[in-house]
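**Student:** Got a structure for you, written out below as structure tokens; questions coming shortly.
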Amino acid sequence: ATGDPITLVFTDIQTSTRLWSVCPASMSHGLDIHHATIRRCIAQYKAYEVKTIGDSFMIACRDAAQAVELSIAIQNELLAVPFPAAIGEVYDLADDDAEVDDNPERLAPLSAPWNGIRVRIGIHAGLPDVQWDEVAKGYDYYGPPVNIAARIESVSDGGQVCCSHDTM
């Protein structure tokens, strides 16, 4: 690890496997909304999209303040955009075998504290190894800071932004 510390942000959709199995058409449309929303925020906060893996984003920020502001903006923007109603209904279902109307054009009314896809976010600052990826034509990050940021994301819940003590 060389250079200045950076702050890594990991995002992931809570219960995405279940959403894909119960309402694939709505989830496909919801994922488009999710990706567009997060990418708008990344551009607005001048962060760097390292990569996406399925429904997860890895984002690099110059410092913790930028990462926290970006993460809060992502959560607020996701609350402000209409998602297919089936997504919220899946989160509300207690029975894994229940069915929903998987019509991606049937949008849910906006409502707090949940609206559509629930995204969990983890933040950690450190000195990762940085390498140019010839295939992706971008920088990728490796090492303990990456692993810690990913673990923090994995223990948070949808709608939460959690960060490490080092980041605080």
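**Student:** Suppose we keep only residues that are basic (Lys, Arg) and surrounded by 12 or more Cβ atoms within 10 Å (Cβ to Cβ) within the stretch 86-143. Which one would you say is farthest from LEU8 (Cα to Cα)?
**Tutor:** ARG106
**Student:** Continuing with the same structure: Would you please list the contacts, defined by Cβ atoms under 7 Å and residues six or more apart or on different chains, that run from a residue in the stretch 17-41 that is more than 14 Å from GLU105 (Cβ to Cβ) and open to solvent by less than 10 Å² (accessible area, probe 1.4 Å) to a residue that is in a helix (DSSP H, G or I) and charged (D, E, K, R)?
**Tutor:** THR37/GLU77; CYS41/GLU77
**Student:** Let me ask something else. Looking at GLY122, is it in contact (Cβ under 8 Å) with a residue 24 or more places away in the chain, on the phi > 0 side of the Ramachandran plot and of a type outside the set (Val, Ile, Thr)?
**Tutor:** no
**Student:** Six or more apart or on different chains, Cβ atoms under 6 Å: show the pairs whose first residue is in the stretch 88-103 and among the acidic types (Asp, Glu) and whose second is exposed (fewer than 11 other Cβ atoms within 10 Å of the Cβ) and at pLDDT 95 or above.
**Tutor:** Sorted first by the residue in the stretch 88-103, then by its partner, the list stays empty.
**Student:** Out of the stretch 95-133, which residues are within 20 Å of the chain's Cα centre (by Cα), aliphatic (A, V, I, L, M) and farther than 30 Å from ASP63 by Cβ?
**Tutor:** Once the filter is applied, which keeps residues that are within 20 Å of the chain's Cα centre (by Cα), aliphatic (A, V, I, L, M) and farther than 30 Å from ASP63 by Cβ, the stretch 95-133 yields only LEU110.
**Student:** What residue, among those in the stretch 144-167 that are in contact (Cβ under 8 Å) with a residue 40 or more places away in the chain and hydrophobic (A, V, I, L, M, F, W, C), is least open to solvent (accessible area, probe 1.4 Å)?
**Tutor:** Ranking the qualifying residues of the stretch 144-167, first place goes to ALA149.
**Student:** Kindly evaluate GLN75 against the criterion of being surrounded by fewer than 17 Cβ atoms within 10 Å (Cβ to Cβ), among the polar types (S, T, N, Q) and under 28 Å from SER164 (Cβ atoms).
**Tutor:** no
The values are calculated or read from the model by the stated rules, or taken from the named source; none is laboratory data. As the structure is a computational prediction, the values presented were derived from the model and not from experiment. Note that each Cβ is placed from the backbone with ideal geometry, even for glycine, and that neighbours are counted across all protein chains shown. Only protein heavy atoms, including side chains, enter the accessible area calculation; ligands, DNA and RNA are left aside. Shrake-Rupley method; radii C 1.70, N 1.55, O 1.52, S 1.80 Å.
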